[in-house]
Amino acid sequence: MKKGWAQYVQLWQSLQATSSTLEKKECVAAYFAQAPAADKTWALALFCGRKPKKLCSSKELLQWCGEYTGLPQWLLEEAYQFTGDLAETIALLIPRKSPERPNQAFGSVTEQDWDLVDFLNQLLALSIATAEDKKAFLFSFWQSSSRTQAWVGHKIITGGFRIGVAQTLVQQALASLLQQSPADMALRLAGQWSPLTHSFDDLLSGSGAAQDQSKPYPFYLCHALDLSLAELGEPAQWQAEWKWDGMRGQWIKRMNQCHLWSRGEELVTENFPELAALVADLPDGLVLDGEIICYQNNQPLPFAHLQKRIGKKKPSKKLLQEYPVVFLAYDILEWQGQDLRAQPLHERREKLTALCHRFPLSQLKLSPSLAFAQWSHLETLHSQARAAQAEGLVLKHQDSVYGTGRKKGDWWKWKTAPLHIDAVLLYAQKGHGRRSNWYTDYTFAVWDGEKLVTFAKAYSGLTDAEIKEVDAFVKANAKEKFGPVRTVVPQLVFEIGFEGIAASNRHKSGVALRFPRILRWRKDKPLSEANTLADLHQLLKQYGA
Amino acid sequence: MPLLQLSPQGLYCAVGDFFIDPWGPVNKALITHAHSDHARGGSQHYMCQDLTKPILQLRLGKIAVDSLPYGKPVWHNGVKISFHPAGHVLGSAQIRLEYQGETWVVSGDYKTAADGLSTPFEPVACQHFITESTFGLPIYQWAPQAEVFSQMRNWALAQQSKDRIPVFEAYGLGKAQRILPAFAQAQIPIYLHPRIWHTHQAFLEAGVDLPTVLPLTAAHAKAFLPEAVVIAPPGSSLQAYLPKNKTVSTAMCSGWMTVNAQRKQQDKDAGFALSDHADWPGLLSAVKATGAENIYVTHGFQTIFTRYLNEQGWRAQELKTAFQGDAATEEESA
Ligand SMILES: [Zn+2]
Ligand SMILES: [Zn+2]
């Protein structure tokens with residue numbers, strides 16, 4: 001008896017049941033350790049968002065469910081309204097089989113003699129079938145499915161299937177299972193493959209020299225500056241650069257192939273074809289550390305622009321034109337195939353500068369080193385960071401090697417103070433885990449004339465004592481209840497900090513904030529003195545995208 | 001004039017001059033079961049099934065109360081009154097009234113599947129049947145109890161293997177007694193939260209055979225048995241009773257745990273769809289079994305269930321009572 005389909009459904013269920021990344025990783029690894037060989041590639045494809053085409057519309061599904069159950073459509077609609085998820089509703093409506101209802105067989109025991117690959121192959125075969133054939137398939141599927149199996153099946157059938165797990169997590173799980181590096185896994189999954197042509201082993205366990213060629217170096221990270229500048233010693237020993245607000249990356253050319261990695265060990269070569277194209281102009285055996293950032297008219301652009309490009313594999317021409325990116329180089333890690341990381345920074349910097357001069361390419365720019373003779377000059381520069389579209393400054397010791405991970409002492413980041421606005425607490429929701437008894441998740445609003453318009457959610461920034469105080473306020477002043485959300489009497493004012501602001505038509509306020517958080521509780525501020533929507537739009541004009 | 005009518009105080013029998021599950025103080029109240037949305041204080045005199053009596057006294061304090069076993073009739077101003085098993089919780093009853101050939105049954109809350117503890121539901125033939133409809137949507141179809149119990153046990157063991165204490169949130173009257181065998185049969189020790197301890201004791205004193213449990217007290221915290229589970233009423237605080245260094249995993253046992261969105265809204269670690277109310281097939285079979293010509297639907301999805309019954313050829317109408325929308329008390333028994 002084949003169990004692959006049931007195992008896959010079980011995996012889906014376990015992943016839904018936990019919010020812990022560690023447990024999710026264990027579930028994924030456990031699944032791949034015991035799933036049938038042919039199922040593994042299909043499961044991988046589903047993890048990577050490669051969904052089969054949808055078999056039928058939601059409307060057809062409801063109609064067939066009506067025929068199957070003998071229930072009137074209005075009642076199915078009511079059930080759907082109440083449940084809010086069509087795939088789940090229909091799974092719940094299919095008569096449950098139990099020994100207590102003798103004319104039906106027993107429910108949770110699967111009678112499907114299927115692997116995942118069989119299920120998906122059936123869908124594939126049915127994609128060109130008539131509606132009657134699809135209906136017949138569903139009727140027999142319902143007869144043999146447990147509720148969860150039906151639920152997952154419906155999701156796949158209607159094209160709405162999402163497993164809700166980050167690809168990086170899957171890579172890590174596979175890496176630990178196969179005892180390889182997550183970067184390797186990412187690389188192998190990134191290319192052209194299909195469950196129809198590749199086996200799991202072909203895909204993940206071949207030992208290819210080609211893969212090693214693309215490997216990035218571990219990124220060296222900065223520590224947040226927690227000393228006074230004077231404590232750093234002589235200004236001349238330090239190199240200062242802007243801390244750009246883009247995506248840290250490594251650009252690699254080896255064996256005439258380009259590989260672009262993000263700091264999350266994600267291979268993003270396909271996402272940024274204009275950077276991949278640099279391969280034609282730059283010499284082989286080269287690895288650069290830098291920032292991928294949107295750039296136009298000789299100006300870096302706010303992060304919101306880059307956000308349009310992140311996660312978009314094979315971007316359209318239009319997207320490439322509207323949101324062009326460059327690689328702002330910070331460092332050179334490999335030159336002529338030689339690892340330079342042990343050299344002191346000032347030597348690497350010399351090489352990097354020379355390289356950028358020798359190859360003046362519009363998509364490759366040197367992240368400038370900022371001149372300063374005294375610490376006070378650096379303070380002035382720091383205050384200008386935002387105007388330069390930077391998040392702050394980075395300080396690197398002239399003699400520092402390119403290390404691994406995050407070591408304290410020779411690389412520092414010094415971020416600018418966040419943007420901020422005073423806002424009114426309007427909605428509250430209970431937190432998770434340790435804080436599930438407290439109202440800790442808040443939605444904030446600003447004045448728009450007489451009305452309050454919500455513009456941000458924030459979860460962090462208060463002390464435990466303050467959280468208790470706000471919690472008591474919410475409990476005493478709740479006005480309405482929408483599921484877990486409480487509307488509260490507008491009264492409390494908080495200072496909300498954020499790193500960036502962008503126009504957004506998905507939000508009522510017309511703005512989207514980056515990393516909003518509570519800076520402090522403004523008990524001193526009366527409600528009327530909270531900021532206005534106009535203030536927010538002023539910030540948008542000044543700093544926004 | 002019909003034998004039973006809806007008055008501002010609830011269902012009223014004018015001939016007998018008594019109320020059934022009134023929602024305010026009256027002279028004489030017949031009580032289907034001791035859940036707080038059915039049994040309210042302040043009335044002069046109460047009548048209920050034998051096993052409901054100790055719980056009523058526990059919850060309402062000093063009251064004048066008579067009780068009857070299932071099936072034994074009494075006459076009051078010429079109205080024949082009898083209590084019949086509703087299968088909802090221990091002592092829960094449907095109330096049958098008969099006067100000059102007219103018969104009514106008020107179901108109170110009921111479930112049709114046996115739970116192994118309360119006397120199983122018995123359909124009672126009548127002309128007029130007042131049914132609840134808490135889970136009157138076809139998405140509600142309960143799994144066999146044994147299946148849910150084994151899921152609960154497996155979840156509890158999984159939590160223990162991760163060094164977490166499994167806590168089952170269950171309503172104090174009904175669910176908290178019903179789920180005991182799920183663990184007791186597997187020799188898993190059970191701690192009962194103080195808020196349900198008294199109900200448990202009252203049933204023991206009334207002669208009900210219940211599995212052995214341990215009281216959850218602050219003194220126990222240090223010697224907490226690692227292989228035990230905790231049963232507590234929903235939303236109760238446990239900090240004072242559990243070892244400081246242990247993490248808790250909380251599961252909710254309720255029919256409302258059927259729908260994923262509602263399970264998520266509860267923000268618990270797990271949810272088990274276990275209900276003391278009838279599911280959709282149960283409601284339909286109960287209505288059918290009474291053979292009643294007139295069906296009155298209350299307590300839940302009355303609009304939907306009434307419409308469906310009428311389409312299927314029954315004569316059904318909604319009975320709008322104060323039960324509905326009273327979220328605070330509604331939660332007691334789901
Ligand atoms: Zn009730
Ligand atoms: Zn009840």
Check your understanding: Would you call B:P166 crowded, with 21+ Cβ neighbours inside 10 Å, outside the structural domain of B:S36 (by TED's automatic domain parsing) and more than 16 Å from ligand 2 (Cβ to nearest atom)?
Key -> yes
Exercise for review: Kindly provide the set of residues from the range A:72-88 that are at pLDDT below 95 and not in a helix (DSSP H, G or I), ordered by number.
Suggested key: A:G84, A:D85
Study note, to complete from the structure: Residue hits (the range A:317-341; of a type in the set (A, V, I, L, M, F, W, C) and crowded, with 18+ Cβ neighbours inside 10 Å) are A:V325, A:V326, A:F327, A:L328, A:A329, A:I332, A:L333, A:W335, A:L340
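Condition check ((1) away from ligand 1 (no atom under 16 Å from the Cβ); (2) in contact (Cβ under 8 Å) with a residue 24 or more places away in the chain; (3) under 14 Å from the mean Cα position of the chain (by Cα); (4) in a loop (DSSP other than H, G, I, E, B)) across all residues:
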{"position": "B:K111", "(1), (2), (3), (4)": "no, yes, yes, yes"}
{"position": "B:A114", "(1), (2), (3), (4)": "yes, yes, yes, yes"}
{"position": "B:T119", "(1), (2), (3), (4)": "yes, yes, yes, yes"}
{"position": "B:P123", "(1), (2), (3), (4)": "yes, yes, no, yes"}
{"position": "B:G136", "(1), (2), (3), (4)": "no, yes, no, yes"}
{"position": "B:I139", "(1), (2), (3), (4)": "yes, yes, no, yes"}
{"position": "B:A143", "(1), (2), (3), (4)": "yes, yes, no, yes"}
**Study point:** Single residue of B:A34, B:A29 found to be within 16 Å of ligand 1 (Cβ to nearest atom), open to solvent by less than 30 Å² (accessible area, probe 1.4 Å) and part of a loop (DSSP other than H, G, I, E, B)
**Key:** B:A34
Review point. Looking at the range A:354-365, is at least one residue modelled with pLDDT of 90 or more and touching a Cys at 6+ places or on another chain (Cβ under 9 Å)?
Key: yes
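Listed here are the residues, each with its yes/no results for (1) open to solvent by 30 Å² or more (accessible area, probe 1.4 Å); (2) within 14 Å of another protein chain (Cβ to nearest Cβ).
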residue: A:K413; (1), (2): yes, no
residue: A:L419; (1), (2): no, no
residue: A:L425; (1), (2): no, no
residue: A:V446; (1), (2): no, no
residue: A:E450; (1), (2): yes, no
residue: A:E469; (1), (2): yes, no
residue: A:A476; (1), (2): yes, no
residue: A:K481; (1), (2): yes, yes
residue: A:R486; (1), (2): yes, yes
Exercise for review: Kindly list, by first and then second residue, each pair from a residue in the range A:511-523 that is within 19 Å of A:Y543 (Cα to Cα) to a residue that is open to solvent by 40 Å² or more (accessible area, probe 1.4 Å) and at pLDDT below 85, limited to pairs with Cβ atoms under 6 Å and residues at least 6 apart or on different chains.
Suggested key: A:R517/A:S460; A:R517/A:G461
Check your understanding: Any idea how many residues of the range A:25-41 are open to solvent by less than 40 Å² (accessible area, probe 1.4 Å) and within 14 Å of chain B (Cβ to nearest Cβ)?
Key -> 1
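Conditions (1) farther than 24 Å from B:T52 by Cα; (2) within 14 Å of chain A (Cβ to nearest Cβ), marked per residue:
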position: B:F83; (1), (2): no, no
position: B:S92; (1), (2): no, no
position: B:A113; (1), (2): no, yes
position: B:L117; (1), (2): no, no
position: B:F135; (1), (2): no, yes
position: B:P144; (1), (2): yes, yes
position: B:Q159; (1), (2): yes, yes
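Quick check, is B:S107 within 16 Å of ligand 1 (Cβ to nearest atom), in contact with a helix residue (DSSP H, G or I) (Cβ under 9 Å, 6 or more places away or on another chain) and open to solvent by 20 Å² or more (accessible area, probe 1.4 Å)? Show your work before the answer.
On the way: within 16 Å of ligand 1 (Cβ to nearest atom): yes; in contact with a helix residue (DSSP H, G or I) (Cβ under 9 Å, 6 or more places away or on another chain): yes; open to solvent by 20 Å² or more (accessible area, probe 1.4 Å): no.
No: the conditions fail for B:S107.
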**Study point:** Yes/no for A:Y442 being open to solvent by less than 10 Å² (accessible area, probe 1.4 Å), in the same structural domain as A:A530 (by TED's automatic domain parsing) and within 17 Å of A:V493 (Cβ to Cβ)
**Key:** yes
Check your understanding: Just a yes or no: is a residue in the range B:294-301 under 22 Å from the mean Cα position of the chain (by Cα), in a helix (DSSP H, G or I) and either of a type in the set (V, I, T) or modelled with pLDDT of 95 or more (or both)?
Key -> no
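Take B:T250 and decide whether it is touching a residue at least 60 places away in the same chain (Cβ under 8 Å), away from chain A (no Cβ under 14 Å), surrounded by 20 or more Cβ atoms within 10 Å (Cβ to Cβ) and polar (S, T, N, Q).
Details: touching a residue at least 60 places away in the same chain (Cβ under 8 Å): yes; away from chain A (no Cβ under 14 Å): no; surrounded by 20 or more Cβ atoms within 10 Å (Cβ to Cβ): yes; polar (S, T, N, Q): yes.
When the stated conditions are applied, B:T250 does not pass them.
Please pick out the residue among B:P189, B:P234, B:P226 that is in contact (Cβ under 8 Å) with a residue 40 or more places away in the chain, open to solvent by 20 Å² or more (accessible area, probe 1.4 Å) and within 16 Å of ligand 1 (Cβ to nearest atom).
Within the list B:P189, B:P234, B:P226, the selection yields B:P234.
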Exercise for review: Being touching a Leu at 6+ places or on another chain (Cβ under 7 Å) and more than 16 Å from ligand 2 (Cβ to nearest atom) is the filter; apply it to the range B:16-45 and report the residue that is farthest from B:G174 (Cα to Cα).
Suggested key: B:F18
Check your understanding: Under the condition of being closer than 14 Å to B:W280 by Cα and aromatic (F, W, Y), which residue from the range B:301-318 is most open to solvent (accessible area, probe 1.4 Å)?
Key -> B:F301
Point to revise | So B:G16, is it away from ligand 1 (no atom under 15 Å from the Cβ), part of a loop (DSSP other than H, G, I, E, B) and open to solvent by 30 Å² or more (accessible area, probe 1.4 Å) | key: no
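For the range A:513-538, which residues satisfy the criterion of being among the aliphatic types (A, V, I, L, M), open to solvent by 30 Å² or more (accessible area, probe 1.4 Å) and closer than 25 Å to A:Q299 by Cβ?
From the range A:513-538, those among the aliphatic types (A, V, I, L, M) are A:513, A:518-519, A:527, A:530, A:533-534, A:536; that's our starting set.
From what is left, the residues that are open to solvent by 30 Å² or more (accessible area, probe 1.4 Å) are A:513, A:519, A:527, A:534.
Passing the criteria: only A:L513.
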Check your understanding: Could you count how many residues in the range A:488-506 are open to solvent by less than 10 Å² (accessible area, probe 1.4 Å) and out of contact with any Pro (no Cβ under 9 Å at 6 or more places or on another chain)?
Key -> 2
Study note, to complete from the structure: Considering the range B:209-223, residues that are under 14 Å from B:I165 (Cβ atoms) and among the small types (G, A, S), and then whichever is surrounded by the most Cβ atoms within 10 Å (Cβ to Cβ), we arrive at B:A221
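Looking at the range B:37-59, which of its residues are within 16 Å of ligand 1 (Cβ to nearest atom) and open to solvent by 40 Å² or more (accessible area, probe 1.4 Å)?
Within the range B:37-59, the subset within 16 Å of ligand 1 (Cβ to nearest atom) is B:37-40, B:48-49, B:52, B:55-56, B:59.
Across the range B:37-59, the qualifying residues are B:R40, B:R59.
The values are calculated or read from the model by the stated rules, or taken from the named source; none is laboratory data. As the structure is a prediction and not an experimental result, all values here were calculated from the model. Cβ atoms come from the backbone with ideal geometry, glycine included; neighbour counts cover every protein chain shown. The area values use the complete protein model at the heavy-atom level, side chains included, leaving out ligands, DNA and RNA. Shrake-Rupley method; radii C 1.70, N 1.55, O 1.52, S 1.80 Å.
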